[in-house]
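Encoded as structure tokens, the structure appears first; notes follow it.
The values are calculated or read from the model by the stated rules, or taken from the named source; none is laboratory data. All of these numbers come straight from a predicted model, not from anything done at the bench. Cβ placement follows ideal geometry from the backbone for every residue including glycine, while neighbour counts extend to all protein chains displayed. Just the protein is used for accessible areas: all its heavy atoms, side chains included, with ligands, DNA and RNA removed. Shrake-Rupley method; radii C 1.70, N 1.55, O 1.52, S 1.80 Å.
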Amino acid sequence: MVKYTHAPADIVFLGKDPEERCHFYFRQHWIRLFWPLIRVIAWSAFVGMALWLFVGIFGIQDASLRRITLIFLAMTWLLAHFLFLTSVYRHFLYIVVVTDQRVHRIKRTLVTHNDHQTIGLQMLQDIYKSQHGLVQNLLGFGTLTLEAQETVLKIHFTPRIAEKYERILHIKEVERSRNKHNVP
Amino acid sequence: MITTLICIGILILVGEVCLWRLFYTKIVDMHFPPSLDCSSIRFFSIRRMHIAVIVHAVLLLISTLFPLWLLW
């Protein structure tokens, strides 16, 4: 039995400082799933057409050849769907967490990748947002670039980028003013 | 025919379960309250994803095994 538990008030993840207070987190824009979706639809259409052509119209008479064709098409169908499922999982394993101290970019895949990059808000020198093209501007996503002294963190496909940009700037300013007041 | 269909059915279930277990082991150490989620897709919590994966597995079983059974 799998239990889904989470702390109700805060986010917990590997690499998070106990002192950090989380403001928000997000995943990449849903447009990242568009091409995997188109690919699975195209492969499904191909399998359907092949089934219709080889088994329906031409009606392969040889039973063993027909069964080999059917198994080949079934495997192609399954492979396309499992690849789509893998893309969906990968989408959900790419998470950006913004806390009061740092921005964490956690990028994992099912088997090969396990990256965790962070950048301190106090170390930030510049924050850029860029939206190129009609699709990015219509759907409101783009690339957020966070620059510190020796580190550049690029967050591609940031959804509602204008809002995220403003919120990160706001958090940075609040923390800066709080630190100024705390300095004796 | 039945043996082939059962083998393919088991293959689908094993694939779905293995992918889900891999995903779950990767995401289990990150707990996310939905109130802080600012993603473009906010519907899928882990519980809802699990349900969606079960539905996907059932649909994949039906859409693979039924045509095979018809055309074998």
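For segment B:22-44, give me the residue count where each residue is closer than 20 Å to residue A:90 by Cα, open to solvent by 50 Å² or more (accessible area, probe 1.4 Å) and not charged (D, E, K, R).
Taking segment B:22-44 and keeping what is closer than 20 Å to residue A:90 by Cα, we get B:22-34, B:37-44.
Going one step further and asking which of them are open to solvent by 50 Å² or more (accessible area, probe 1.4 Å), we end up with B:22, B:25, B:28, B:34, B:42-44.
Of the ones still in play, those that are also not charged (D, E, K, R) are B:22, B:25, B:28, B:34, B:43-44.
Qualifying residue count for the region: 6.
Within segment B:54-61, is there a residue that is within 23 Å of residue A:49 (Cα to Cα), exposed (fewer than 13 other Cβ atoms within 10 Å of the Cβ) and within 10 Å of another protein chain (Cβ to nearest Cβ)?
Checked against the condition, which is being within 23 Å of residue A:49 (Cα to Cα), exposed (fewer than 13 other Cβ atoms within 10 Å of the Cβ) and within 10 Å of another protein chain (Cβ to nearest Cβ), segment B:54-61 yields at least one hit.
Taking the condition of being of a type in the set (A, V, I, L, M, F, W, C) and surrounded by 16 or more Cβ atoms within 10 Å (Cβ to Cβ), how many residues in segment A:35-49 meet it? Steps first, answer last, please.
Residues of segment A:35-49 of a type in the set (A, V, I, L, M, F, W, C): A:35, A:37-38, A:40-43, A:45-47, A:49.
This time we only want the ones that are surrounded by 16 or more Cβ atoms within 10 Å (Cβ to Cβ), so: A:40, A:43, A:47.
Total satisfying the criteria: 3.
Taking segment A:158-177 as the region of interest, how many residues are open to solvent by less than 60 Å² (accessible area, probe 1.4 Å), within 14 Å of another protein chain (Cβ to nearest Cβ) and either in contact (Cβ under 8 Å) with a residue 60 or more places away in the chain or assigned to a strand (DSSP E or B) (or both)?
Initially, segment A:158-177 is screened for residues open to solvent by less than 60 Å² (accessible area, probe 1.4 Å), giving A:158-159, A:161-162, A:164-165, A:168-169, A:171-172, A:174-175, A:177.
Now restrict to residues that are within 14 Å of another protein chain (Cβ to nearest Cβ): A:158-159, A:161-162, A:164-165, A:168, A:171.
Remaining after also requiring either in contact (Cβ under 8 Å) with a residue 60 or more places away in the chain or assigned to a strand (DSSP E or B) (or both): A:158-159, A:164, A:168, A:171.
So the count comes out to 5.
Name the residue that is surrounded by the fewest Cβ atoms within 10 Å (Cβ to Cβ), counting only residues in segment A:53-62 that are more than 24 Å from residue B:12 (Cβ to Cβ) and aliphatic (A, V, I, L, M).
Applying the filter and picking the extreme gives A:57.
Just to be sure, is residue A:147 touching a strand residue (DSSP E or B) at 6+ places or on another chain (Cβ under 6 Å) and more than 20 Å from residue A:93 (Cα to Cα)? Reasoning before the result, please.
Numbers: touching a strand residue (DSSP E or B) at 6+ places or on another chain (Cβ under 6 Å): yes; more than 20 Å from residue A:93 (Cα to Cα): yes.
In short, yes.
From the list B:66, B:43, which residue is more than 10 Å from chain A (Cβ to nearest Cβ) and within 16 Å of residue A:25 (Cβ to Cβ)? It would help to see each step written out before you state the result.
Numbers: B:66 fails: within 16 Å of residue A:25 (Cβ to Cβ).
Exactly one residue qualifies, and that residue is B:43.
Scan segment B:19-72 for residues that are closer than 22 Å to residue A:110 by Cβ and among the aromatic types (Phe, Trp, Tyr) and report the count.
6
Pick from A:65, A:85: which is among the hydrophobic types (A, V, I, L, M, F, W, C), buried (at least 19 other Cβ atoms within 10 Å of the Cβ) and free of Cβ contacts under 8 Å to residues at least 24 places away in the same chain? Spell out the reasoning first.
Numbers: A:65 fails: buried (at least 19 other Cβ atoms within 10 Å of the Cβ).
Every option except A:85 fails the conditions.
Please work out if residue A:53 is within 13 Å of another protein chain (Cβ to nearest Cβ), closer than 30 Å to residue A:154 by Cα and part of a helix (DSSP H, G or I). If you could, list the steps in order and put the result at the bottom.
Values: within 13 Å of another protein chain (Cβ to nearest Cβ): yes; closer than 30 Å to residue A:154 by Cα: no; part of a helix (DSSP H, G or I): yes.
Judged against the criteria, residue A:53 is not a match.
Test each condition in (1) under 28 Å from residue B:44 (Cα atoms); (2) away from chain B (no Cβ under 14 Å); (3) at pLDDT below 90; (4) open to solvent by 80 Å² or more (accessible area, probe 1.4 Å) for residue A:149 and report the one that comes out false.
Failing condition for residue A:149: (1).
Could you list all residues from segment B:20-40 that are in a loop (DSSP other than H, G, I, E, B) and in contact with a Leu (Cβ under 8 Å, 6 or more places away or on another chain)? Walk me through it before giving the result.
Of segment B:20-40, the ones in a loop (DSSP other than H, G, I, E, B) are B:28-30, B:32-33, B:38-40.
Once the filter is applied, which keeps residues that are in a loop (DSSP other than H, G, I, E, B) and in contact with a Leu (Cβ under 8 Å, 6 or more places away or on another chain), segment B:20-40 yields B:29, B:30.
Residues that are closer than 28 Å to residue B:27 by Cβ and at pLDDT 90 or above: does segment A:44-55 have at least one?
Residues of segment A:44-55 closer than 28 Å to residue B:27 by Cβ: A:44.
Now narrow it down to the ones that are at pLDDT 90 or above: A:44.
Checking segment A:44-55: at least one residue is closer than 28 Å to residue B:27 by Cβ and at pLDDT 90 or above.
Please identify the pairs in which a residue from segment B:5-25 that is at the interface with chain A (Cβ under 9 Å from one of its Cβ atoms) has its Cβ atom under 8 Å from the Cβ atom of a residue that is part of a helix (DSSP H, G or I) and of a type in the set (Phe, Trp, Tyr), counting only partners at least 6 apart or on another chain.
Correct list of pairs: B:15/A:82; B:19/A:82; B:19/A:89; B:22/A:89; B:23/A:89; B:23/A:92.
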